[in-house]
Amino acid sequence: MKQPDFDLGQGWWYPAILGSVLFLIVLFMPKVRINWKEIYITFGIIGYIVWMIDTTIAVPFDIFDINHPKKTGLSEIILYGVIPSCLSIIYLNLYKREKKWTLVTFFVIISFILEWLTSKVGVMKGAWQIWWSIPIFLVAYAFFLPWHLKFIRKKWN
């Protein structure tokens, strides 16, 4: 019987622990500004967007690798499918228009540190310079996520 081609890889514990902690925060945080339906939609949409960006840009141009370059593993699944979705949900739950730039700054810094740690534990490798992510985080937190929540509320509430 052939074994599945699945990679745990170096530092797999970091995204596993981080993803678990963030997921627990999402489950147990007081839902101040976002409800379960918005959490469900956001989790799926953000996870999908991150996977599509990886599939259409990062993989073809070999920008970076998550552990083994030819295998999908636990680290990749959590880094693309869980962590960005959880961070987005936590951000939207805290989001207030009056405190937008304070929250944007905080979440950009946190996201940068978490990505830096991903490279430091050996999970993320390649030509990608992590500071290149700062404008992406900025656009996501400052513009996309507030628009996303407004869109959800307009269309599905």
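I'd like the Karplus ³J(HN,Hα) series for segment 109-116: coefficients 6.51, -1.76, 1.60, θ = phi - 60°, whole numbers in Hz, and an x wherever there's a Gly or Pro.
5, 4, 4, 4, 4, 5, 5, 4
Taking θ = phi - 60°, what integer Hz values does the Karplus form 6.51 cos²θ - 1.76 cosθ + 1.60 yield along segment 25-39, in sequence order, with x for Gly and Pro?
Computed from phi, the couplings for segment 25-39 are 4, 4, 5, 9, 5, x, 7, 7, 10, 9, 9, 5, 5, 5, 5 Hz.
Can you order the peptides 38-49, 84-95 by their average number of other Cβ atoms within 10 Å per residue, highest first?
Numbers: 38-49: 17.7, 84-95: 21.8.
The densest-packed peptide leads the list: 84-95, 38-49.
Hey, rough spin-label estimate for Ile17 and Ile113, points 7 angstrom out along Cα→Cβ, what's it come to in nanometres?
1.5 nm
Here, each number is a calculation from the coordinates, and none is a lab measurement. All figures in this text were calculated on a predicted structure; none of them were measured in a lab. Virtual Cβ from ideal backbone geometry, glycine too; neighbours counted across all protein chains shown.
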